Amino acid sequence: MSAQTVSFPGQPVPASWLSDFDKYLIGEGTHERAYEKLGAHLVTFDGQAGIAFAVWAPNARAVSLIGDFNGWDGQQHPMHSSDSGIWSLFVPGLKEHTVYKYRITTQRDEQFDKSDPYGFAMELRPATGSVAVQLDSYQWQDADWIASRAQRQSLNSPISIYEAHLGSWRRKPDEKYGSRWLTYRELADELIPYVKELGFTHIELLPIAEYPFDGSWGYQVLGFFAPTSRFGTPQDFMYFVDQCHQNGIGVILDWVPAHFPKDGAGLNYFDGTHLYAHADPRQGEHQDWGTMIFNYGRNEVRSFLISNALFWIDKYHIDGLRVDAVASMLYLDYSRKEGEWLPNEHGGRENLAAISFLRKANEVLHGLFPGVLTIAEESTSWPMVSRPTWLGGLGFSLKWNMGWMHDTLSYMSHEPIHRKFHHHEMTFGMLYAFHENFILPLSHDEVVHGKSALASKMPGDDWQKFANLRAYLGFMWTYSGKKLLFMGCEFGQWQEWNHDTGLEWRALEAANHQGMQCFVRDLNRIYKEEPALHENDYDWQGFSWINANDSDNSVFSFIRRAKDSGDALLAVCNFTPIVRENYRIGAPQGGQWRELLNSDLECYWGSGISNGAVSALPEPAFGFEHSLELTLPPLSVLILKPA
């Protein structure tokens, strides 16, 4: 028993708090802020302070409130039902940090204890109790950031994202466990200055909504409205986001509306029925993942998910949501054999309810919070993912370019002598580069499960591996599209990512890793300073090949242009370890050109071959009236700008 005791039973929640109109909107699937009514709220009714509880469980025979305040006794606080299927109770005297659950009695007289689907906080795993907290007490100091967010996150602004897993970015020594996680406040003190110093514009966090299993990395969510207690309190997480904003850094969350785990305290079989999923496993279960699929056609489930998306932006000032596993939502036959799925009403494989849900969610998010980003991790050729719904699109702001990532990583894995036979893997992406608003992602998925770290994927000795990686990142940062890089890749750590340990920070004692980190810092600086590299990412006017066909030499050259077409940069990429002297490329104008960036500089652990300033002479080449004669360093990228 907790020291906190309640000497009188609960009371009905007043209609003024949970009105018939609220219930109607939730049932209709249009309540966009259901979290303001459902869950646990610290309130005062008729001069009595306490907590109002409300939970949707329409098929339950009875629901009781249990917790540390009543010895987890399901007889003391029975909840009141309504025609809408919402059970509610007001308990005077309860205070913040009360731990509670709902004891569900099913129509078959089964009983089980459930966490609150709308709970704002949870106990540290393996405990699964919900915790009542007040979210509106934090005093935000990020008004300037919020006011400028739409401009900072527009399609013609630089967006360079540092993807991080908070539990393994850095660890602290611990006598009991060997090492421990950093808290949200420690992360604010250490992660934010690091990201800012390297020049990234955003941090993308792997899911931080409460999850029971560390090895899921957060992608199997138990508490959709609760930031994980592993790193601190909800107010601590607010502080982290607030500090990001005050330092000019946006925050993107990985959001997981594609599925939920089967954990007993969670959404699965919530009221004795498949309330949040489909009963038929051909619709309701991901056999590969062992998880359940949301029933996107059920109104209350749509209210739950849309409210959840809004919640993180409303209460935590999040700047964008990267939606996980969108392809698994769009296709009824995703990862299923014949006979293991049910077609839609037209006989097709498209999940019409999921399509409708995604469009509605994007409309609501962009309508209420202009400038917020929604990003689709979508791995198929589904059309118009990042086009407005009124044009027939899904309404996302951006889409991960998985095809570019797979093709270019394949190219880089080949020995340089063989790359001429795979030249198309670097050029093919331009055939579809402007079909969507793409992000170029080098994410956590590419450095786990035996795939090797980025540096380890590269061929050659240590010098060549790092030269290859610098050249690859230089190609990525000069190519059309926004950028995303997973933590640890910025300094070329050798080991695969391990969620149970911190990054290999000791590697930075070596010059090769220091050089890689310095190179990424300079890439981000130039990317942000030069409009040609970010302002025209989604238009052919912003990119044109000079020579895409020099497969024999494995050299690529192209122009990037800003909205002002006179503002142009040249990029030249040499993906062999051979120094190429007197290499001629076309130039859009005559006069002096200078190296803005050279990945082969000695400060980056390169060989130090450079061109300095070069004159573009009136000698036609590749359709241009002027041309440059360059020395291309080995395994390098050059960025040139008119002097």
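The values are calculated or read from the model by the stated rules, or taken from the named source; none is laboratory data. Note that the structure is predicted; figures quoted are calculated from it, not measured. Note that we place each Cβ from the backbone using ideal geometry, even for glycine, and neighbour counts take in every protein chain shown. Calculation scope for accessible area: heavy atoms of the full protein, side chains included, ligands and nucleic acids excluded. Shrake-Rupley method; radii C 1.70, N 1.55, O 1.52, S 1.80 Å.
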Q | Hits in the range 139-156 - residues which are without any contact (Cβ under 8 Å) to a residue 24 or more places away in the chain and surrounded by 12 or more Cβ atoms within 10 Å (Cβ to Cβ) | A | Ser148
Q) Just checking, which of Gln495, Gln514 is touching a helix residue (DSSP H, G or I) at 6+ places or on another chain (Cβ under 7 Å) and not basic (Lys, Arg)? A) Gln514
Q: For Leu632, work out the one condition from (1) surrounded by fewer than 24 Cβ atoms within 10 Å (Cβ to Cβ); (2) among the aliphatic types (A, V, I, L, M); (3) modelled with pLDDT of 95 or more it doesn't fulfil.
A: (1)
Q. Which ones in the range 194-228 are at pLDDT below 95 and open to solvent by less than 20 Å² (accessible area, probe 1.4 Å)?
A. Ser216, Gly218
**Q.** Residue list for the range 546-565, filter: open to solvent by less than 50 Å² (accessible area, probe 1.4 Å) and farther than 28 Å from Phe491 by Cβ
**A.** Ile546, Asn547, Ala548, Asp550, Ser551, Asn553, Ser557, Ile559, Ala562
(Q) Looking at the structure I just gave you, is Gly71 surrounded by 17 or more Cβ atoms within 10 Å (Cβ to Cβ) and either in a helix (DSSP H, G or I) or in contact (Cβ under 8 Å) with a residue 60 or more places away in the chain (or both)? (A) no
Q: Sort out which residues of the range 200-219 are touching an Asp or Glu at 6+ places or on another chain (Cβ under 8 Å) and in contact (Cβ under 8 Å) with a residue 60 or more places away in the chain, and write them in order of number.
A: His202, Glu204, Leu206, Pro207, Pro212, Asp214, Tyr219
Q) Residues in the range 425-443: is at least one open to solvent by 40 Å² or more (accessible area, probe 1.4 Å) and outside any helix (DSSP H, G or I)? A) yes
Q. Can you tell me which of Ala433, Ala354, Ala376, Ala361 is touching a residue at least 12 places away in the same chain (Cβ under 8 Å), out of contact with any helix residue (DSSP H, G or I) (no Cβ under 7 Å at 6 or more places or on another chain) and among the small types (Gly, Ala, Ser)?
A. Ala433
Q.
I'd like the full set of residues that are crowded, with 24+ Cβ neighbours inside 10 Å and of a type in the set (Lys, Arg), limited to the range 444-483.
A. Arg470, Lys482, Lys483
Q.
Can you go through Ser356, Ser335, Ser307, Ser381 and tell me which one is closer than 21 Å to Ala209 by Cα and over 16 Å from the mean Cα position of the chain (by Cα)?
A. Ser307
Q: All but one of (1) polar (S, T, N, Q); (2) open to solvent by 30 Å² or more (accessible area, probe 1.4 Å); (3) over 32 Å from the mean Cα position of the chain (by Cα) hold for Thr30, so report the exception by its number.
A: (3)
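What number of residues within the range 184-211 are closer than 20 Å to Lys172 by Cβ and assigned to a strand (DSSP E or B)?
Residues in the range 184-211 being closer than 20 Å to Lys172 by Cβ and assigned to a strand (DSSP E or B): 2 in total.
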Q) Got a number for residues in the range 470-497 being among the aliphatic types (A, V, I, L, M) and part of a loop (DSSP other than H, G, I, E, B)? A) 1
Q. Are any residues in the range 513-530 out of contact with any Leu (no Cβ under 7 Å at 6 or more places or on another chain) and open to solvent by 40 Å² or more (accessible area, probe 1.4 Å), and if so, which ones?
A. Arg525, Lys528, Glu529
**Q.** Only listed residue being without any contact (Cβ under 8 Å) to a residue 12 or more places away in the chain and open to solvent by less than 10 Å² (accessible area, probe 1.4 Å), chosen from Gly284, Gly250, Gly266
**A.** Gly284
Q: Select from the range 76-103 the residues that are open to solvent by less than 50 Å² (accessible area, probe 1.4 Å) and either assigned to a strand (DSSP E or B) or farther than 20 Å from Leu18 by Cα (or both) and list them in ascending order.
A: Ile86, Trp87, Ser88, Leu89, Phe90, Val91, Pro92, Thr98, Val99, Tyr100, Lys101, Tyr102
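Give Asp319, Asp333, Asp314 a once-over and let me know the one that is surrounded by fewer than 21 Cβ atoms within 10 Å (Cβ to Cβ) and either at pLDDT 95 or above or polar (S, T, N, Q) (or both).
Asp314
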Q) Name the residues in the range 269-281 that are within 26 Å of Arg359 (Cβ to Cβ), open to solvent by 30 Å² or more (accessible area, probe 1.4 Å) and touching a residue at least 24 places away in the same chain (Cβ under 8 Å), would you? A) Asp280
Q. Can Leu640 be described as touching a residue at least 12 places away in the same chain (Cβ under 8 Å) and crowded, with 24+ Cβ neighbours inside 10 Å?
A. yes
Q: Note down all Cβ pairs under 8 Å where the first residue falls in the range 78-104 and is acidic (Asp, Glu) and at pLDDT 95 or above, the second is open to solvent by 20 Å² or more (accessible area, probe 1.4 Å) and part of a loop (DSSP other than H, G, I, E, B), and they're at least six residues apart or on different chains.
A: Glu96/Gln134
(Q) Looking at (1) assigned to a loop (DSSP other than H, G, I, E, B); (2) touching a residue at least 40 places away in the same chain (Cβ under 8 Å); (3) more than 23 Å from His414 (Cα to Cα); (4) open to solvent by less than 60 Å² (accessible area, probe 1.4 Å), which one does Gln589 not meet, given that it meets all the others? (A) (4)
Q: Within the range 353-376, track down each residue that is in contact with a His (Cβ under 8 Å, 6 or more places away or on another chain) and not polar (S, T, N, Q).
A: Val372
Q) surrounded by fewer than 17 Cβ atoms within 10 Å (Cβ to Cβ), closer than 30 Å to Leu473 by Cβ and either of a type outside the set (A, V, I, L, M) or touching a Ser or Thr at 6+ places or on another chain (Cβ under 7 Å) (or both): does that describe Lys176? A) no
Q: Would you point out the residue of the range 366-378, among those that are over 18 Å from Glu436 (Cβ atoms) and not in a loop (DSSP other than H, G, I, E, B), that is least open to solvent (accessible area, probe 1.4 Å)?
A: Gly367
Q: Kindly indicate whether Ser137 is farther than 30 Å from Ala507 by Cα, outside any strand (DSSP E or B) and not aliphatic (A, V, I, L, M).
A: yes
